[in-house]
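Worksheet for the structure shown next.
Only the coordinates and a few stated rules stand behind these numbers; no lab work does. Owing to the predicted nature of the structure, the values given are computational and were not obtained by experimental measurement. Quick reminder, even Gly has a Cβ in these numbers, built from the backbone with ideal geometry, and neighbours come from all protein chains shown.
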């Protein structure tokens, strides 16, 4: 999809230099993927301590 964006040039250049990504398009795609990934992780953190898993770690560790 083609979209016209007005982005701060210095921010875009810094992102490209920091990530070693050569194209503006790839920097934007990477940024969007990372944003989605971080939000999914944040959503999973809401479940911390709320799910009771009946797992015997000692049993799992002794398996080969």
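Quick check on segment 9-62: what does the Kirkwood estimate of hydrodynamic radius come out to from the alpha carbon pairs, in Å?
Numbers: mean 1/r = 0.0694 Å⁻¹.
Taking every pair of different Cα atoms in segment 9-62, averaging 1/r and inverting gives 14.4 Å.
Could you work out how far helix 24-45 tilts from the main Cα principal axis of the chain, as a 0 to 90 degree angle to the nearest 10? Tilt of helix 24-45: around 30 degrees. Using only the alpha-carbon atoms, how far is helix 9-19 inclined from the longest principal axis of the chain? Give it as 0 to 90 degrees, nearest 10. It works out to around 40 degrees. Peptides 5-13, 23-31, 50-58 ranked from most to least packed by the mean count of surrounding Cβ atoms within 10 Å: 23-31, 5-13, 50-58.
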